[in-house]
Amino acid sequence: MTTTPYLGHGIGLRTKHFEHLLEHPPHGVDWFEIISENFFDPGGRPWIVLDRVRETCPIVMHGVSLGIGNTDPLDPNHLQSLKTLKERIQPAWISDHLCWGAFGGHNSHDLLPLPYTEEAIRHIVPRIAQVQDFLGTQLLLENVSSYVTFQESEMEEWDFLREIAERADCKILLDVNNIYVSAFNHGFKVEQYLNAIPVGRVGQFHLAGHTNHGDYILDTHIGPVIEDVWDVYRKALDRFGPISALVEWDEAIPPFEEVVEEVTRSKAIEEAWRAQQEQTPLEKDQESHHAAA
Ligand SMILES: [Fe+2]
C-alpha cells in the first residue's frame, strides 16, 4: 500500500469559477479536483484555466464514468483517455466511484449502488487490478450515497468497501457526506461505517451539502456543509488522522469566495483537531470540565 500525499484542503474546479480563476490566484484553496472526463479533449478555455491553476496548486483527477462495477468490459478508450490525461497533467492521484452506471452499452449517467455480495467483490477486484496496472498507479474509489438496498446483499456496505480495497490493494476516497446520507436513509450509525474502514486505506475525504426531504436525504452537493456532517468529519479525523479534504459544491454554485468559506471551515476543524492532539492529558481534562460547566 502506498501513501497518498497530504495536500490540505481543496475544491472542485468548476466552469462557474473560470472567470474568477483567470483573473485571481486561487487564494484559500490548497488543491483542485477536476472531473477527468471533462478534460479528455485537450484545448479551449477549460484547459487554459487548468494550466493556470496547475502553476500554483496540485491537481487530482476524479472520474465519474469508469464503471468499475459494470458487467460490461472496461472501455479501453476510456482507460487510454485517463492515461493520456494522467501523463499530461501529472495528478497527485486518480479516483472514481465504487458503483455501476451502464449496461449493454447504455449509460445511465448515475452513480448506482452495488449489491454487497461476494460475487460482486470477485467481479470488481480484478477490474481494479486491470485499471491500476494500465494506469501504473493506485486508484482511489469513493463510497456513493444510496437510497435503496438490494435483497441479495450479504454484507454491510462498509464490509464490502473494506474487502474490495484490501483485496485489490486500492485506496479509498471516503465521502463523509455520503456516509451521513446513507446512514440517514438506511438507519445505521456513522461510527459503524468509520470504524470498519482500515486506517491507512483512506487517501482523501469528500465533504458536501445535501438536500433533506424529511424522511430521506438526497446527495445533491448543494449549499454549505451542515453541522452534522462537520461532526462526522471530526469523527473521521479521530479515526484516520489528517487526510486531504475536498469540498464538493455542484448545484447552484455560489461565487468562488463562498465555496472557499467552506474550505476555511474544513481547515479550521482540522487545525482544532491537531491542537487537541497536542494537548496534555491534564489540558484535555480541564477542557472537558469547561465544556461540561
Ligand atoms: Fe463525493
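For the reader, a short list of remarks on this structure follows.
- In straight-distance terms, cross-link reach from K86 covers every one of the lysines whose alpha-carbon lies under 26 Å from its own, apart from those fewer than eight places away in the same chain; here that gives K16, K171.
- Under 5 Å, built H, 5+ apart or other chain: amide partners of W31: H9, G10, I11
- Computed over the Cα atoms of the chain, pair by distinct pair, the Kirkwood hydrodynamic radius stands at 19.9 angstrom.
- DSSP-assigned coil residues among GluC sites (Glu not before Pro) in the stretch 38-123, each with at most 16 further Cβ atoms within 10 Å: E55
- Each residue of the stretch 164-293 gets 142 Å³ once the volume of the Cα convex hull is shared out per residue.
- Taking a straight Cα-Cα cut-off under 18 Å and skipping sequence neighbours fewer than 8 places away in the same chain, the lysines within cross-link reach of K189 are K235.
- Ascending count of other beta-carbon atoms within 10 Å, so fewest first, for C170, C57: C57, C170
Values quoted throughout were computed directly from the atomic coordinates according to the rules given, and no laboratory measurement underlies them. These figures come from a predicted structure and were not determined experimentally. Virtual Cβ from ideal backbone geometry, glycine too; neighbours counted across all protein chains shown.
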